[in-house]
Amino acid sequence: MPDKKPEFTDASQLRQMALSRWDNEGGAGSLHSPEADLRSEVPQLTNAELVQLRIRVIALENLVISLLAQSSDRQLDLAREMAAYISPRPGFTHHPLTIRAAAQMVHLVERAGHFRGVTPYET
């Protein structure tokens, strides 16, 4: 018999489930998980690989900003709400990575605001 998926009546419940793993250290798993064993076998990134990752992150940030610039007010509010979900909640460790990630999400929404209503130029 196939597993039955739980039904959620509230969108906030879905968001909470999606982000529940971010409660501690940006979603880091248990130290004694199979994933942790796999991570210990992965070689360190080379400088060239790190440079490529930085380039990709910059490109992705700019794509996100362009998409957010065309988003509805409700979608922008939702993005801010998602940032609040990964911010440390009472009783959880205030880890610098999750604090910075939440701030970065809000910053991306704010940066997109500079481009809202701007008509694209034709090339």
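Okay, here's what the table says:
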read-out: Theoretical FRET efficiency, 1/(1+(r/R0)^6), r = Cβ-Cβ of N47 and I99, R0 22 Å, to 0.05; value: 0.20
read-out: Whole-Å semi-axes of the ellipsoid equivalent to segment 44-116 (Cα gyration tensor, √5λ, descending); value: 24, 21, 7
read-out: Gyration tensor (Cα) of segment 61-101, equivalent ellipsoid semi-axes in angstrom; value: 25, 13, 4
read-out: Peptide ranges 109-116, 73-80, 42-49 listed from the most packed, as the mean C-beta count within 10 angstrom indicates; value: 109-116, 73-80, 42-49
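Readers should treat all values here as calculations from the given coordinates under stated rules, not as data from a laboratory. Values in this document were obtained by computation on a predicted structure and should not be read as measured data. Positions of Cβ are generated from backbone atoms using ideal geometry, with glycine treated the same way; all protein chains shown enter the neighbour counts.
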